[in-house]
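Visitor: Just dropping this structure here.
The values are calculated or read from the model by the stated rules, or taken from the named source; none is laboratory data. If you're wondering where the values come from, they're calculated on a predicted model, not measured in any experiment. For neighbour counting, all protein chains shown are included, and Cβ atoms are generated from backbone atoms with ideal geometry for every residue, glycine included. The accessibility values were calculated without ligands, DNA or RNA, using every heavy atom of the protein model including side chains. Shrake-Rupley method; radii C 1.70, N 1.55, O 1.52, S 1.80 Å.
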Amino acid sequence: MTIRSDLLGSVTESSRTALLRSEEYEDLFDQAPVIFAALSGPQHLLEAANPAFFDVFGGERRATGVPVGELFPELGRQGVLDRLDAVYRTGTAYRARGGRLVLGTPGAEREGFFDFTYEPRRDGSGRIDGVIVIAVETTAHHHAQLLAAEQRILLEQIARDAPLGEILTGMARAIEELAPGLLVSVLLLDPDGKHLRHGTGPSLPDFYNEFIDGIAIGPRVGSCGTAAYLRAPVVASDIAADPRWEGYQETAARAGLAACWSTPIMSGDDQLLGTFAMYHRTPKEPEDKDVALSAAFARITALAIERHRALEAGRAAQEREKAAREDLAFVLEASTAITREPHYFDCLQCMARLTVPALAPLCTVHVVEDGRTRRIATAATDPTTECLLASAGIRDDIDRALDRVLSSGRTETGGNCAPALTARPDITGYACVPLTTRGRTFGVLTLLATDRPLDGHVVALAEELARRAASSADNAHQFTDRVQLARDLQAGLLPPELPSIPGAELAASYHPAGEGLDVGGDFYDVFPLPDDRWALMIGDVCGRGAVAATTTGMVRHTARAAARLLNDPADVVTAINEALTEGTTEDTFVSLVYGELRHAGPRLSLDLMRAGHVPPLVRRADGTVEELAHPGLLLGIERDVAGAPCHVELSRGDSLVLVTDGITEARSAEGTFFDEHRLADALTSLPGTAPTAASVVAAVTAAVIAFAGDSTPDDQAALVLTAT
C-alpha cells in the first residue's frame with residue numbers, strides 16, 4: 001500500500017486541537033476508499049474515523065472518544081492493541097500485508113484480510129500523542145487467490161485423470177474452507193436420465209446423502225431435483241417454508257440444513273450432467289461470492305465429469321474391441337480346427353469339444369441320418385454335469401426342442417417351450433442352434449448352462465460356430481473314398497450365387513482348367529454387411545486339389561466372419577492373413593482383392609485392399625479404363641499385411657472389373673500372355689456408354705477365348721460390378 005508522504009505527514013504531525021484535527025481528517029478521508037482511524041493517547045482513544053472504518057470494523061459500534069480496545073474487544077485477542085502500544089511507545093511505524101482479522105460480535109463474526117499501516121502521530125513539540133491507522137481491505141483479493149489456487153489443483157487432478165470421486169470430494173472440501181459455514185454436495189445424472197445419484201457430500205450426514213441418492217428430476221423435488229428439471233439455478237433461502245421441499249423438509253431439518261442453493265451442471269454441448277448444491281445451517285440468501293463460487297466450481301465439476309465420461313467411454317470401447325477380437329480369435333481358431341478335420345463326424349465332435357467350457361459347461365450334437373435323429377457328440381466340463389442328460393425329463397425336452405429346431409431352422413433359447421429344462425434350478429439356460437448348410441438343416445448344437453444364463457453374446461458365437469461347423473461338416477460329408485472329385489468340389493470352391501445389391505448390377509464367370517477334375521483355388525464372393533454395406537472379393541489360392549480347396553473355404557469363411565466384426569477392409573485382410581499364417585501347416589499363399597461397398601448418394605463408394613492379386617480395373621461410362629495398381633503382398637507369407645485400402649467411387653455406368661491371373665496369364669499359341677493391356681483394350685472397345693455387368697463379363701470372356709482358345713491351363717474367374 002502506498003500513501004502520499006504529504007498526506008501522511010499532514011495527519012501524523014499536527015498541533016491543532018482535536019476538533020480541528022477531526023474536521024481535517026473528515027476532509028481528507030471521509031470519501032476515501034481506504035480505512036482510516038486516528039487514535040490518541042496511550043489508551044488509543046478513537047478520536048476520529050471515516051465511514052469505511054466503521055463499515056468494516058464497527059457495524060453498529062460507531063462511538064468515538066472511547067478506547068478502541070473497549071469498542072472492539074476482538075482486536076485485543078488478536079494482538080492489535082499490542083502492536084498499537086509498540087508504535088506509540090517506540091515511535092516506529094508498523095506495516096503488514098495480508099493480515100488476517102476476525103471481526104464482529106459473537107455469533108456475527110466474519111473473516112477479513114487487510115494491508116495495515118500504523119504510524120505514530122506527533123504534536124507541535126514532536127512528542128507522540130497518538131497513532132494513525134490506515135488500511136486497505138484485501139479480503140476479495142485473498143479469496144480470489146485461494147479460489148484460483150484451488151481451481152488449479154482441481155484442474156491438475158483432472159489432467160492426471162484422478163478418480164472422479166476424489167476430485168469432487170476435494171472440490172467440496174476446498175469450497176467449505178473458502179466459505180466457512182457452507183456444506184457442499186454434488187449429484188450426478190443417472191444413466192437413465194431421470195434420477196440424480198450421490199457424487200459427493202463430505203460434510204453432510206451419511207443418512208442425508210443416502211436419502212437424496214437416486215432422487216427423481218422434477219419441478220418440486222427440492223432444490224437439486226428442481227434445478228436439474230429447469231436447467232437453471234434454484235435458491236431455497238428457507239427450506240422449511242419452501243414448497244419445492246415438501247416431503248424433504250423433515251429429513252433436511254434432521255440434518256440441520258436450513259437453506260440450499262443448487263446449480264445445474266451442464267456439459268459443453270448443453271447436456272445435463274448433475275447438480276452442484278451449497279447448503280447453509282440457517283435461512284439465508286446467497287451472497288455475491290456464493291454465486292461466484294457456485295458458477296466457478298460448477299464449470300470445473302462439468303469438466304471433471306466430462307473427462308470422466310470420456311475416459312469411461314474409452315475404456316468401454318477398448319473392452320468392446322478386446323471382446324470383439326477375442327470372439328474373432330475364438331471363431332477363427334475353432335473354425336480352423338474344425339476345417340482341419342477330414343471326416344463328417346470328426347468336424348461335429350470337434351465343434352462340441354470347442355464349445356466346452358468356452359460357451360457352456362454341457363453340449364450335445366444331434367444329426368439326422370436316414371430320417372432318424374441321433375446324438376453323435378457330447379462334451380461336458382465334468383462327469384456330474386454330463387449326468388444331467390440321463391434325466392428323463394431333460395432328455396425328453398431336448399428331443400422335443402430338436403424336432404422344433406430341425407423343422408424351423410431357427411435357434412431356440414429359454415422360454416416356456418422346455419419346462420423340464422427351465423424349471424430345474426441346476427440348469428440356468430439352454431440354446432438349440434441349427435446346423436444348416438445349403439438351405440438344409442441336418443443337425444442341432446445344444447448348449448446347457450448350469451452356472452449362468454446363456455446371454456445373446458454366447459448364443460451369437462454359438463450360431464457363428466455352428467454355421468461354420470455345418471459348412472465344414474457338410475463339405476467333409478461329401479468326401480468319399482470312391483469319388484475324390486466330389487470331396488474337392490464340396491469343399492466350398494464353387495462360386496456362390498450372386499446377391500442383388502440396390503443401385504448395382506453384378507455378373508461373374510468361372511471357367512475351371514481342363515475338365516474340372518483337379519479343382520484349383522480361384523474364388524470370388526459377395527455378401528451383405530451391417531449398415532447397408534456389402535463386401536466383395538476375388539482371389540486365388542496357390543496349388544490345386546484338396547489343400548487349395550480347404551484354404552479357399554477357410555479364406556471365404558474367415559472373410560465373412562471377420563467382416564461382420566470389423567469395419568476396416570485392412571483389418572479383414574489382416575484376419576485372413578493371420579488365419580493363413582497361424583492356422584495352417586501347409587505353405588499356402590493367397591492372392592486377394594477384398595473390398596467393401598457403401599452407397600454415397602448417387603454413387604457407389606468402395607475401399608479395396610489388394611494382396612498380390614491382378615490389379616482391379618475401372619471402366620468409366622465414357623469408355624476410359626483406369627488401373628488401380630495399389631501395391632500389396634501375397635497373404636500367408638508374412639505375419640504383417642502391408643498396404644492400405646484404395647478408395648474409388650463409381651458413378652452410373654462405371655464398372656469395377658476383377659479377374660484372376662488365369663485371364664491375364666492366358667497364353668496364345670505363340671506363348672504370349674493376354675496380360676492387363678489386352679484386358680483394358682477389351683473393356684475400352686465395348687460398344688455403348690453404359691454396358692451391363694453381364695456384357696462386360698461376356699466381352700472379357702470372348703476376348704480371352706479369341707486370344708488363347710477354349711483350353712486354359714489355369715482356372716479363370718471374373719467378377720464385375722456396375723453402378724446403375
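Visitor: Give the stretch 129-141 a look and list any residue that's open to solvent by less than 30 Å² (accessible area, probe 1.4 Å) and within 20 Å of Pro67 (Cα to Cα), or say none.
Guide: Gly130, Val131, Ile132, Val133, Ile134, Ala135 - these are the residues of the stretch 129-141 that are open to solvent by less than 30 Å² (accessible area, probe 1.4 Å) and within 20 Å of Pro67 (Cα to Cα).
Visitor: Can you pull out the residues in the stretch 428-448 that are surrounded by fewer than 20 Cβ atoms within 10 Å (Cβ to Cβ) and farther than 19 Å from Ser472 by Cα?
Guide: Thr428
Visitor: Same structure again: Under 6 Å between Cβ atoms, which residue pairs at least 6 apart in sequence (or on different chains) link something in the stretch 230-244 that is within 13 Å of Thr282 (Cβ to Cβ) with a partner that is open to solvent by 60 Å² or more (accessible area, probe 1.4 Å) and part of a helix (DSSP H, G or I)?
Guide: So the pair list comes out empty.
Visitor: Output the number of residues of the stretch 50-88 satisfying the condition of being closer than 21 Å to Arg122 by Cβ, in contact (Cβ under 8 Å) with a residue 40 or more places away in the chain and either open to solvent by 50 Å² or more (accessible area, probe 1.4 Å) or not in a helix (DSSP H, G or I) (or both).
Guide: Residues that pass the stated criteria total 2.
Visitor: Mind checking which residues of the stretch 89-106 are under 12 Å from Tyr118 (Cα atoms) and open to solvent by less than 30 Å² (accessible area, probe 1.4 Å)?
Guide: Gly91, Ala96
Visitor: Got at least one residue in the stretch 570-589 being in a strand (DSSP E or B) and either surrounded by fewer than 20 Cβ atoms within 10 Å (Cβ to Cβ) or touching a residue at least 60 places away in the same chain (Cβ under 8 Å) (or both)?
Guide: Among the residues of the stretch 570-589, not one is in a strand (DSSP E or B) and either surrounded by fewer than 20 Cβ atoms within 10 Å (Cβ to Cβ) or touching a residue at least 60 places away in the same chain (Cβ under 8 Å) (or both), which makes the answer no.
Visitor: Right, next: So for the stretch 223-230 (the condition being among the polar types (S, T, N, Q), modelled with pLDDT of 95 or more and in contact with a helix residue (DSSP H, G or I) (Cβ under 6 Å, 6 or more places away or on another chain)), does at least one residue qualify?
Guide: yes
Visitor: While we're looking at this one, here's another question. Are there strands (runs of 3 or more DSSP E) fully within the stretch 98-200 with at least 3 residues that are among the basic types (Lys, Arg)? List them.
Guide: By residue number, 110-122.
Visitor: Taking the conditions exactly as written (closer than 30 Å to Glu582 by Cα, over 40 Å from the mean Cα position of the chain (by Cα) and surrounded by fewer than 20 Cβ atoms within 10 Å (Cβ to Cβ)), does Asp675 satisfy them or not?
Guide: For Asp675, the condition - closer than 30 Å to Glu582 by Cα, over 40 Å from the mean Cα position of the chain (by Cα) and surrounded by fewer than 20 Cβ atoms within 10 Å (Cβ to Cβ) - is not met.
Visitor: Looking only at residues that are part of a loop (DSSP other than H, G, I, E, B) and free of Cβ contacts under 8 Å to residues at least 12 places away in the same chain in the stretch 678-708, which one is surrounded by the fewest Cβ atoms within 10 Å (Cβ to Cβ)?
Guide: In this case the residue turns out to be Pro687.
Visitor: Within the group Thr301, Thr263, which residue is open to solvent by 20 Å² or more (accessible area, probe 1.4 Å), hydroxyl-bearing (Ser, Thr, Tyr) and touching a strand residue (DSSP E or B) at 6+ places or on another chain (Cβ under 9 Å)?
Guide: Matching residue, one of Thr301, Thr263: Thr263.
Visitor: Another question about this same structure. Tell me the residue from Glu119, Glu60, Glu70 that is of a type in the set (Asp, Glu) and in contact with a strand residue (DSSP E or B) (Cβ under 8 Å, 6 or more places away or on another chain), please.
Guide: That would be Glu119, the only listed residue that is of a type in the set (Asp, Glu) and in contact with a strand residue (DSSP E or B) (Cβ under 8 Å, 6 or more places away or on another chain).
Visitor: Using beta carbons and a limit of 6 Å, which pairs, at least six apart or on different chains, have the first residue in the stretch 709-720 and in contact (Cβ under 8 Å) with a residue 24 or more places away in the chain and the second one open to solvent by less than 30 Å² (accessible area, probe 1.4 Å) and of a type in the set (D, E, K, R)?
Guide: From the stretch 709-720, the pairs are Asp715/Asp522; Ala717/Asp522.
Visitor: Being modelled with pLDDT of 90 or more, open to solvent by less than 20 Å² (accessible area, probe 1.4 Å) and of a type in the set (Val, Ile, Thr) is the filter here, so list the residues in the stretch 326-375 that pass it.
Guide: Result: Thr355, Thr364, Val365, Val367.
Visitor: In the stretch 458-475, what residues are touching a residue at least 12 places away in the same chain (Cβ under 8 Å) and open to solvent by 10 Å² or more (accessible area, probe 1.4 Å)?
Guide: Of everything in the stretch 458-475, those that are touching a residue at least 12 places away in the same chain (Cβ under 8 Å) and open to solvent by 10 Å² or more (accessible area, probe 1.4 Å) turn out to be Val458, Val459, Leu461, Glu463, Glu464, Arg467, Ser471, Ser472, Asn475.
Visitor: Ok, one more. With respect to Glu47, determine if the residue is open to solvent by 30 Å² or more (accessible area, probe 1.4 Å), at pLDDT 90 or above and either out of contact with any Asp or Glu (no Cβ under 9 Å at 6 or more places or on another chain) or of a type in the set (A, V, I, L, M, F, W, C) (or both).
Guide: yes
Visitor: Taking the stretch 644-654 only, how many residues are in a strand (DSSP E or B) and out of contact with any Asp or Glu (no Cβ under 9 Å at 6 or more places or on another chain)?
Guide: Result for the stretch 644-654: 2.
Visitor: Scan the stretch 309-332 and report the pairs whose first residue is closer than 20 Å to Leu565 by Cβ and whose second residue is charged (D, E, K, R) and open to solvent by less than 40 Å² (accessible area, probe 1.4 Å), with Cβ atoms within less than 8 Å and a gap of 6+ or a chain change.
Guide: Val331/Glu464; Val331/Arg468
Visitor: Shifting gears a bit: Looking at the stretch 595-650, which of the residues that are touching a Pro at 6+ places or on another chain (Cβ under 7 Å) and of a type in the set (Gly, Ala, Ser) is nearest to Ser500 (Cα to Cα)?
Guide: Only one residue tops the list, namely Gly595.
Visitor: Right, here's the next one. If you take the residues in the stretch 508-525 that are under 17 Å from Ser711 (Cα atoms) and open to solvent by less than 20 Å² (accessible area, probe 1.4 Å), which one is modelled with the lowest pLDDT?
Guide: Looking at the filtered set, the residue picked out is Gly516.
Visitor: Yes or no: Asp397 surrounded by fewer than 17 Cβ atoms within 10 Å (Cβ to Cβ) and in a helix (DSSP H, G or I)?
Guide: no
Visitor: Does any residue of the stretch 108-128 turn out to be buried (at least 17 other Cβ atoms within 10 Å of the Cβ), over 18 Å from Val34 (Cβ atoms) and touching a Lys or Arg at 6+ places or on another chain (Cβ under 8 Å)?
Guide: yes
Visitor: Could you look through the stretch 523-554, keep only residues that are within 36 Å of the chain's Cα centre (by Cα) and without any contact (Cβ under 8 Å) to a residue 40 or more places away in the chain, and pick out the one that is nearest to Val593 (Cα to Cα)?
Guide: Going through the qualifying residues, I end up with Asp525.
Visitor: Now for a separate question. Quick one: count up the residues across the stretch 578-604 that are of a type in the set (Phe, Trp, Tyr) and either more than 33 Å from the chain's Cα centre (by Cα) or modelled with pLDDT under 90 (or both).
Guide: Residues in the stretch 578-604 being of a type in the set (Phe, Trp, Tyr) and either more than 33 Å from the chain's Cα centre (by Cα) or modelled with pLDDT under 90 (or both): 1 in total.
Table: residues versus (1) part of a helix (DSSP H, G or I); (2) over 29 Å from the mean Cα position of the chain (by Cα).
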site	(1), (2)
Leu273	no, no
Tyr279	no, yes
Lys284	no, yes
Lys289	yes, yes
Ala298	yes, no
Thr301	yes, no
Arg307	yes, no
Glu312	yes, no
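Residue by residue, here is whether (1) touching a Pro at 6+ places or on another chain (Cβ under 9 Å); (2) of a type outside the set (A, V, I, L, M, F, W, C); (3) under 12 Å from Ser185 (Cβ atoms) holds:
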{"position": "Ala258", "(1), (2), (3)": "yes, no, no"}
{"position": "Trp261", "(1), (2), (3)": "yes, no, yes"}
{"position": "Pro283", "(1), (2), (3)": "no, yes, no"}
{"position": "Ala292", "(1), (2), (3)": "no, no, no"}
